[in-house]
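**Q** One structure, as structure tokens, below. Some questions next.
The values are calculated or read from the model by the stated rules, or taken from the named source; none is laboratory data. All values reported here derive from a predicted model rather than from experimental measurement. FYI the Cβ positions are ideal-geometry reconstructions off the backbone, even for glycines, and counts take in every protein chain you see. With ligands, DNA and RNA removed, areas are computed over all heavy atoms of the protein, side chains included. Shrake-Rupley method; radii C 1.70, N 1.55, O 1.52, S 1.80 Å.
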Protein chains: 2
Amino acid sequence: MEEIIEHPVADGMEERKRSETSSFLESLSEHRSTQSNTHGSTQSSQRLLAYSDALISIIATVMILPVAHTKIGEDEELKESVQVLLTTKIGVYLMTFLIVTVAWAAHVRLFQVIVRIDDCLALLNLACMMLITFLPYTFSLMATFPENHLGILLFCGCVMVIGLIQALVVVYAFSRPFLLKEQIQTSEDLKVYKHHILQVILKVPVMCFLASIFSFIFLQLSYVLLAMVIFLPYISQFLKWCRSKATGEEETPDPEPLYQASEPLSKERLEAFSDGVYAIVATLLILDICEDNVPDRETVKTVYNGSLVSALSDYGPEYLAYFGSFVTVGLLWFVHHSLFLHVTKTTRFMGLLNAFSLAFVGGLPLAYQLTHEFPRNSNNELEAIQVSCVIIFFAGINQLGIWVVALYSEQETLHRYVRYAGRDHIFMLAKLALYPCVALGTFFLTCILSQFSASIFHLMEITVPLAFLVLRLLVRVALAGLRLIFCPERAIPRTVLEEEQDALVA
Amino acid sequence: MEEIIEHPVADGMEERKRSETSSFLESLSEHRSTQSNTHGSTQSSQRLLAYSDALISIIATVMILPVAHTKIGEDEELKESVQVLLTTKIGVYLMTFLIVTVAWAAHVRLFQVIVRIDDCLALLNLACMMLITFLPYTFSLMATFPENHLGILLFCGCVMVIGLIQALVVVYAFSRPFLLKEQIQTSEDLKVYKHHILQVILKVPVMCFLASIFSFIFLQLSYVLLAMVIFLPYISQFLKWCRSKATGEEETPDPEPLYQASEPLSKERLEAFSDGVYAIVATLLILDICEDNVPDRETVKTVYNGSLVSALSDYGPEYLAYFGSFVTVGLLWFVHHSLFLHVTKTTRFMGLLNAFSLAFVGGLPLAYQLTHEFPRNSNNELEAIQVSCVIIFFAGINQLGIWVVALYSEQETLHRYVRYAGRDHIFMLAKLALYPCVALGTFFLTCILSQFSASIFHLMEITVPLAFLVLRLLVRVALAGLRLIFCPERAIPRTVLEEEQDALVA
């Protein structure tokens, strides 16, 4: 009892102690910047990286718009149009997403070595961003004209210039070692590091240069080269992870620990990138509504006899679809947020699963477009709901995958308090399993019930948050029940005590 | 010499000391969360706030799209269409931007009091976000049907529900005091604070409730009420600031220092919000290009005889416009970034100027659409360039305004090392003055030269970054020149010494 009442006070004191320490640290760093400011303005790179993350995440998600805006005639069967979509536009979207994610991962690695910036680096980075935002366009050119080598040339040109700018960034940063991570700064073989990093960075541009040369001779080969650029790091990473898990050995730490492909990604930047994707997906929906669903003055006068209410009620399903989709995106973000509260370090493989999850989240605007476009109770409507379920299912199952992978190397990647089979553990699992289960359940419902409609689907989406609120209660009841079954003699006193504690805090 | 060589090493050591301290702090806080985790999962609110900032900034900027996508016939004079645009759509855009900024500021204030969250608060916040993202739609309804009270009812309904959710958040957080800022947590009159905050929060919903009742009786009055809701805090803030500066007195600190309208905004959140606006503006451009400017297979076959190069070269001006606009957005971000490196605290008035600056930055997609839409050397093209110049000028001049206001209360708002009339000071001023000067110069050039074209304008935009790189050099030369004129006896040794130092570091 006393402990619980004291809790906030102790908390406050700790906070104050921390803030005192940090203000001391701030004054130290201020002092430092006063000193260093006379020799050119060195800055923390934090905000530059946040801005880059925002830009890259928006660019990765943007190519879903041409997919979502594809007009589907109401007479056609959805299956055919979906097949047309699948073969080209969805392919372009997925490929763009993966390429941009690779570019982002390279950016993360680079700025894990360079931890401070100055004006010159900031400008070089902006130039790099400009070219990255142009990549989706070159990619959609490639997809529309696969037999023409112009698309591949433009793409390779962009990648080569990006590589050169990054090489320039490295050379510049190594000429001013105080910009680097102090682990490298203080090491003696600065040149070895520099050459190693330059080698890694220039590998991709060189492959793109080869691809652009082959595009004149043998076009297919250059596509193969490009695919290697994109997928090779992922595949090798996956194989390495599988091997280390299969043999039960720890991954052998490399003699040169810096700038290895297996180096974990910065958790903050992974979160910032994911936030960007979730935010842009949630707002792409309202963007469509604002542009298309404000009725015309003329239309209201002539068609609806001047009654705005009846005009708006025609758009009713779209508002419902908007709210339903927003809730889904918001809750997937919420699950992601809860998941990464427990994570301390993100391995490359977790990053890969996260990219897959985000790619499916980016597909939600397509689901939104499909589910509100078709007349009620048509066959198409049911199939549109099924597509939505599939997208939500894969977005959720990949998040679950991140958790499972994190549990495999629990010691490194998770906070200490997430004990295996503890309450936090099980609660997290329940949160993560909720969306895949709901999506799977809805999918089978649509197969059985022919009366299922998009409105019911969106209403279901809106009620899911309530499930999250009761989840904690359910998990607690289930745990108590399990204890009651398996160790009845210990169950009662323990749960009562816990219940009491919770009641006091709550 | 020695001092300079030692500089990075000392830097590194300080860094290491800091990281050791912070890892100690981390272990402390980990320990704390292990303890507190048994009583419900309390979390840091940082990522939730970053996500909210991203959502709100995108929503604020989105309403520029209906403006930018307004089709302007090539026959009409631009002036007339611009007037039509100005009266409705630009008005809607600006009003939406301001309303959303007000909602954002309220959100910032609320979460400066509530510094930790749990699942329940996270879900309530998401619900709040969903309604905020719906505000632009209700606003465009109001603008299209100003004589119908449905728009105003919807808007007021949204605002009232947002207010109620925020009130719920406050009540919930005060029932679990460990979620609050420890300054409040440890104070004895918790109830007084709670009532005060609830009063402030519920003021706006009550005014909206009145407005929605008046909308049935006397529609104009309800618009007046709404305008008061939006502008009153800004106007009163501005007047208060003017009065305090005119009388030379310090702003009298209120007896209750918390949750006052004059409380400074969190600098981190202001930066995050601005980053979101800059990022979405930069990517709205490529979004348009990816959707509209990939040529059709059929068109290429029939119109261009299968030559993709000639088809793409027709889009040439658009790529140029894209790169030009991206550079402009990127550099405005860069100036903003440099500016806020020197700022320690953002007052409300600085926040207001920042909102104005961002509102003009949000107008850049319109400038982009205008400048690449018209035939070469037409009168319209010149006017489109002038509109662009006006937008860039006001975006830049408001940033300059932030700096000027910050200098007025230098002690509180700026870092100590930014000495008045020091080199950093002058360099910052030069950076900030660059865009307004370039925009003004271009504006007058378009008045004199009739041969000025959009391509030249975009090329100019692309060359501005070089100006930033030579700016530092120019400032140094100018300072040396001034010293040479005003105190020639001291000038030479000092500059030579400085030059030497810089050369050694560089």
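**Q** Using the structure shown, decide if B:ARG176 is basic (Lys, Arg) and at the interface with chain A (Cβ under 9 Å from one of its Cβ atoms).
**A** yes
**Q** Oh, and also: When the residues of segment B:287-308 are narrowed to those that are under 14 Å from B:HIS69 (Cα atoms) and at the interface with chain A (Cβ under 7 Å from one of its Cβ atoms), which ends up most open to solvent (accessible area, probe 1.4 Å)?
**A** Restricting to residues being under 14 Å from B:HIS69 (Cα atoms) and at the interface with chain A (Cβ under 7 Å from one of its Cβ atoms), the top hit is B:GLU291.
**Q** Another question about this same structure. If A:PRO255 satisfies all but one of (1) modelled with pLDDT of 80 or more; (2) more than 21 Å from A:LEU352 (Cβ to Cβ), what's the number of the condition it fails?
**A** Condition (1) is where A:PRO255 drops out.
**Q** Further, regarding this structure: What number goes with the only condition from (1) under 21 Å from A:ILE286 (Cβ atoms); (2) touching a residue at least 12 places away in the same chain (Cβ under 8 Å); (3) surrounded by fewer than 23 Cβ atoms within 10 Å (Cβ to Cβ) that A:GLY316 does not pass?
**A** Among (1) under 21 Å from A:ILE286 (Cβ atoms); (2) touching a residue at least 12 places away in the same chain (Cβ under 8 Å); (3) surrounded by fewer than 23 Cβ atoms within 10 Å (Cβ to Cβ), A:GLY316 violates only (2).
**Q** Cβ-Cβ under 7 Å, sequence separation 6+ or interchain: first residue in segment B:228-246 and among the charged types (D, E, K, R), partner assigned to a helix (DSSP H, G or I). Which pairs?
**A** B:LYS245/B:TYR408
**Q** Has segment B:156-167 got at least one residue that is open to solvent by less than 30 Å² (accessible area, probe 1.4 Å), assigned to a helix (DSSP H, G or I) and either touching a strand residue (DSSP E or B) at 6+ places or on another chain (Cβ under 6 Å) or at pLDDT below 80 (or both)?
**A** Looking for residues that are open to solvent by less than 30 Å² (accessible area, probe 1.4 Å), assigned to a helix (DSSP H, G or I) and either touching a strand residue (DSSP E or B) at 6+ places or on another chain (Cβ under 6 Å) or at pLDDT below 80 (or both), one finds none in segment B:156-167, hence no.
**Q** So which residues in segment A:430-469 are in a helix (DSSP H, G or I) and open to solvent by 70 Å² or more (accessible area, probe 1.4 Å), if there are any at all?
**A** Of everything in segment A:430-469, those that are in a helix (DSSP H, G or I) and open to solvent by 70 Å² or more (accessible area, probe 1.4 Å) turn out to be A:CYS437, A:LEU440, A:PHE444, A:CYS447, A:ILE448, A:ILE456, A:LEU459, A:THR463, A:LEU466, A:LEU469.
**Q** If a residue has to be at pLDDT below 85, within 22 Å of A:TYR435 (Cα to Cα) and either in contact with a strand residue (DSSP E or B) (Cβ under 9 Å, 6 or more places away or on another chain) or among the acidic types (Asp, Glu) (or both) to count, how many in segment A:343-388 make the cut?
**A** 2
**Q** Let me ask something additional. Of the conditions (1) open to solvent by 40 Å² or more (accessible area, probe 1.4 Å); (2) farther than 27 Å from B:GLY330 by Cα; (3) touching a helix residue (DSSP H, G or I) at 6+ places or on another chain (Cβ under 9 Å); (4) in a helix (DSSP H, G or I), A:VAL192 satisfies every one except a single condition; which number is it?
**A** (3) is the only condition that A:VAL192 fails.
**Q** Here is a follow-up. Looking at segment B:109-117, is at least one residue within 11 Å of chain A (Cβ to nearest Cβ), surrounded by fewer than 22 Cβ atoms within 10 Å (Cβ to Cβ) and within 24 Å of the chain's Cα centre (by Cα)?
**A** Checked against the condition, which is being within 11 Å of chain A (Cβ to nearest Cβ), surrounded by fewer than 22 Cβ atoms within 10 Å (Cβ to Cβ) and within 24 Å of the chain's Cα centre (by Cα), segment B:109-117 yields at least one hit.
**Q** Hey, another quick one. Name the residue, out of B:LEU466, B:LEU432, that is within 14 Å of chain A (Cβ to nearest Cβ) and touching a residue at least 24 places away in the same chain (Cβ under 8 Å).
**A** Exactly one residue qualifies, and that residue is B:LEU432.
**Q** Test B:LEU202 against the stated conditions and say whether it is in a helix (DSSP H, G or I), closer than 22 Å to B:LEU98 by Cβ and within 11 Å of chain A (Cβ to nearest Cβ).
**A** For B:LEU202, the condition - in a helix (DSSP H, G or I), closer than 22 Å to B:LEU98 by Cβ and within 11 Å of chain A (Cβ to nearest Cβ) - is not met.
**Q** Kindly indicate whether A:LYS245 is away from chain B (no Cβ under 14 Å) and at pLDDT below 80.
**A** Against the criterion (away from chain B (no Cβ under 14 Å) and at pLDDT below 80), A:LYS245 qualifies.
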